[in-house]
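Written below as structure tokens is the structure these notes are about.
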Amino acid sequence: RRRARARSGARPCGLRELEVRVSELGLGYASDETVLFRYCAGACEAAARVYDLGLRRLRQRRRVRRERVRAQPCCRPTAYEDEVSFLDAHSRYHTVHELSARECACV
């Protein structure tokens, strides 16, 4: 399985998860609590459409500048967990909405 993945390149777009301290997320909360952070990562080459091919060609010919234009789909959340809750360092309860991904797709 590893050998096949190495030959085909990066893993396809999908949901990954990581256990992190809330303070590591950089959201302004001082908390040592840990949460399960789910995120989207992976390759989207197979999802390229005619639009992506045309845009890539126009960028190569400098007809379209690189002004925040991507000529390939990227792996992004298409749905989020409803909420993530935790206690901060002052024992205050917080709830953050749309922090953790629930589903991913190439968009």
Tally up the residues in the stretch 52-74 that are assigned to a loop (DSSP other than H, G, I, E, B), open to solvent by 60 Å² or more (accessible area, probe 1.4 Å) and over 18 Å from residue 41 (Cβ atoms), please.
7
Residue 62 - would you say it is on the phi > 0 side of the Ramachandran plot and free of Cβ contacts under 8 Å to residues at least 40 places away in the same chain?
yes
When the stretch 75-102 is checked residue by residue, the ones that are in contact (Cβ under 8 Å) with a residue 60 or more places away in the chain, part of a strand (DSSP E or B) and of a type outside the set (Phe, Trp, Tyr) are 75, 94, 96, 101, 102
Out of all the residues in the stretch 10-25, which are assigned to a loop (DSSP other than H, G, I, E, B) and out of contact with any Asp or Glu (no Cβ under 9 Å at 6 or more places or on another chain)?
11, 13
Total residues in the stretch 55-81, condition of a type in the set (Val, Ile, Thr) and touching a strand residue (DSSP E or B) at 6+ places or on another chain (Cβ under 9 Å)
1
Do we have residue 79 as surrounded by 13 or more Cβ atoms within 10 Å (Cβ to Cβ) and either touching an Asp or Glu at 6+ places or on another chain (Cβ under 7 Å) or within 28 Å of residue 12 (Cβ to Cβ) (or both) here?
no
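The values are calculated or read from the model by the stated rules, or taken from the named source; none is laboratory data. Keep in mind that this is a model prediction, so the values were computed, not measured. Glycine gets a Cβ as well: all are built from the backbone with ideal geometry, and neighbour counts include every protein chain shown. The protein model used for the area step is the full one, side chains on, heavy atoms only, and it has no ligands, DNA or RNA in it. Shrake-Rupley method; radii C 1.70, N 1.55, O 1.52, S 1.80 Å.
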